[in-house]
Structure formats: structure tokens, C-alpha cells
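Written below as C-alpha cells is the structure these notes are about.
The values are calculated or read from the model by the stated rules, or taken from the named source; none is laboratory data. Since the model is a prediction, treat every value here as computed from it, not as a measurement. Please note: Cβ atoms are built from the backbone with ideal geometry, for glycine as well, and neighbour counts cover all protein chains shown. Side chains included, ligands, DNA and RNA excluded: accessible areas come from the protein's heavy atoms. Shrake-Rupley method; radii C 1.70, N 1.55, O 1.52, S 1.80 Å.
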Amino acid sequence: MHDTEPTYARPLAASGEPWDTATVRALIGDARVVLLGEGAHGVDDFARLGDGLFRTLATELGFTAFVRESGFAEGLTVDAWIQGGPGEAEDVARAGITYGFGESDAVRRQLAWMRAENARRRADRAGSPDAGARVPLRFWGMDLPGSSTSPGAAVRVCLDRIPAQDGDDALRRITDLGGRTAAAIAWDGLDDAARDRIRDRIAGLIARVDRDGDEIARRSAATLDAFLAELAWDGEPGPYPRERLMADTVAWIAEREERILVLAHNAHVRREPLHGRPTLGTLLHARLGDALRVIAMTHGHGPVVSFTERSPRPFDWEVAVSERIPAPGTLEHALDPLGDVLVDLRAAGPGLWAGITGTGAGAGIDPIADVATAFDAVAHRHRVSLVPGHLDRLQAEFGPADAGTAPAPRDAGTTSAGEAVR
């Protein structure tokens, strides 16, 4: 590693610590939306870095909301908690943050900090109501409900915010059972008639919300509409329905917040299309232009989780872990000699990324044509570790199902959620 960093690189904050204010201010400028990517889900260091960056943005640069690659509907309960609602951080995070991301202690600490910061801001307003105290921090999800495999949470939100009708309880039952693997297996086991009934009932609910719902119900209904579009997707050109939904939801949130930080996989936040398809970052760049900044998080060494299909059954995967060694031609290989650094790609010049053709994506590599188009900056860790218990939880969830205990086909969902554990 270099004894001194080049001028385009700055030491990266310790995991969980706020980032250097001057460095962040110079990088972010006046941007209202910052996309922060992670090279793999389930990495403890990335969760801690996201927490540290948001603390700096919220306390020093006037950011008011943290947005996750997580279900929009479920995230409403998380926001209620950081506003002072009942419950414990562990339970709220587990139930309200999808894809299992809420199992992280770092994520729970972040939510606890947001709750405490909001309490402090309320006290400031009570003590000096005319002092212009800052607004409360908010938490938002931006994604499909049920870890992309079950519409249940969004159905509940919609039904709770429109006039009741006969049959609503039945709709809740057929769309609200099972976690992501159980839901995907159940959907796979339904016959065409049963699937059509669920689709038709959800479409009818969307129409009711369009007529009678408030803005939260309508955004929840939009996630259901995208859920149906994922079910029907047949490979047509353009962005995936899920990618379009996340971009639309971030834009919707940005209209309601002063400035926002969005955390998702690097494959989503990059401006450059992936495999020819626009990403969340591509779509938002078209809308926001210079009001958008994109920061990737990468790592050189550490455990990498991989998945090998055992059978056509949804999520029947062998889960293994190996040690990451940066591959030549990747962004990680170029950055790793620098150690733990925040690299401003705008100042680095093309020599840094000459010859880079990809960036790490879990156990694989995503192709990349122009690093400086995809990202404004990269936060790189030389070595990282997994969220404690992450591998065990994946192995338990994606392990073989006992023949006699397979879940009944009571839930609906897509089978596209596999990319969320990449």
C-alpha cells in the first residue's frame, strides 16, 4: 500500500464513524440526492460506512432522509419508530427492513441514532420554537414489498388507508403469508387460475387506491403495480420494472425531503447501464443531472458469499463462502493498493481507471465501460467482514426443504429476488 495517498484520495472514515465534513462537502456540493452503493450485500463494513456518511450528511449538510433498498410499505413502520413510536430497534429493523438487511447490528445502531437525533431536535424545538430547529429525520424504503416475493405488506398499507369492502380480509390472507423463500415456492406451486385470481385482486385494489387513497397508499399501490409487472415481464428492452419503481420512488421521496441519501447495491446506483439496461442511477441521472452524486463502496479482500443452484425450485441454492482476491481488470484491483480510501474519480484522471472492465458484485463481476461515468467517487476498504450470522441465515433460508414440510401455496411473489443477495 502507498505510504501517502494521492491528491484525489483521502483516508476513509473508520467503520461507523462520521465521515470528514470538509471532504464530504467538497464531494457532494449542492447535490440533493446522493446514491451510495455497496459491492455486496451482507457486508458489515458497508452498513457501518453508510451509517457514518448519513450522520455527517444529516448533522452538517442538511440531509433529512435515509432511503434503503428495502420495501417501501415495510419502511413506514421503521419511520414511525424513529419518530418516537413504540417497540425495540431489533424488532423494528427485522420486520421493517426487507431482504434480511435488518439483522445487522450496524443497521439497528443507525436507526437508534436517528431516533435519538429526532428526540434531540424535538427538545430543541420545544425549548426554542422560533430558533429554526431542524426538521425530523425520516426513513424510507423504495422497493417492492416482501423482499420482492410477496405483496402482503403493500396490500395491508393500501387496505388500511382506503374505505373497507367485503373481501378485504380474504385479500390480506392470500397475499400475506410466508417469507421470501416460502412465498416464491408457494407462487411456483400455484396453478394458472390461482395466480390469475391473485393478480386480478391486486389490480382491483390498485384501482381502488387510485380512486380513494392518499399519497402513501398510492405509492404503496405503485409498488404493487411494479410487482405485477415483474410477474409479467418477458424480457422486453428497457429497465426492469423493479429498477423503474425504485427510481420513481426516490424521485417521489426527493420531492418531500430537503436532501436524501439512498443506499443500494452498486449494480443499482451506477449511472452507466448494466448489461444494456438502465439502472436506478441511470434513470435518476436523466431526471436530476448535477443534483445527483453517486458513490460506490468496494472492497479488496474478505469473505464472499456465492450461490449454486441445486434444483429449479426457487431459492434452492447451495450457499458457500470463499476469500476475495481482487481480479485484474476490476475497479477493486486498481484501488486496493491505496488501502482504505475515499477516491474522487472526478479529480483522479483517466490513468487510475485505464484498463478497468468490471467491478466486483458479490462473487461475480459486473462489466463496466467507464468508471467515471458510473460513479463520482469510490469508498474502498482493503478488507471487510460479513454481518455476523449472515452466512448462517442464508444457509438456513436457502437450504433444502423437507419433502413433508414444504410451505402451502398461500402466498404470491416473483422469483426475481435472488439478485438482492448477490
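What part of the accessible area of segment 6-105, given as a whole %, is carbon or sulfur when the probe is 1.4 angstrom? Solvent-exposed carbon and sulfur of segment 6-105 make up 49 percent of the total. Excluding the sites themselves, what is the longest stretch of the chain that contains no GluC sites (Glu not before Pro) in a DSSP loop with at most 15 other C-beta atoms within 10 Å? It works out to 89-254. What is the percent carbon and sulfur in the accessible area of segment 205-273, measuring with a 1.4 Å probe over the protein chains and ignoring ligands? After summing per-atom areas, the C and S share lands at 48 percent.
Per residue, the chain exposes 40 Å² of accessible surface when a 1.4 Å probe is rolled over the protein heavy atoms with every protein chain present. May I ask for the distance between the Cα centers of segment 152-191 and segment 263-310, given as a whole number of Å? Answer, in whole Å: 30.
GNM on the chain, C-alpha springs below 10 Å: top fluctuator among 128, 322, 385? Largest GNM mean-square fluctuation: 128.
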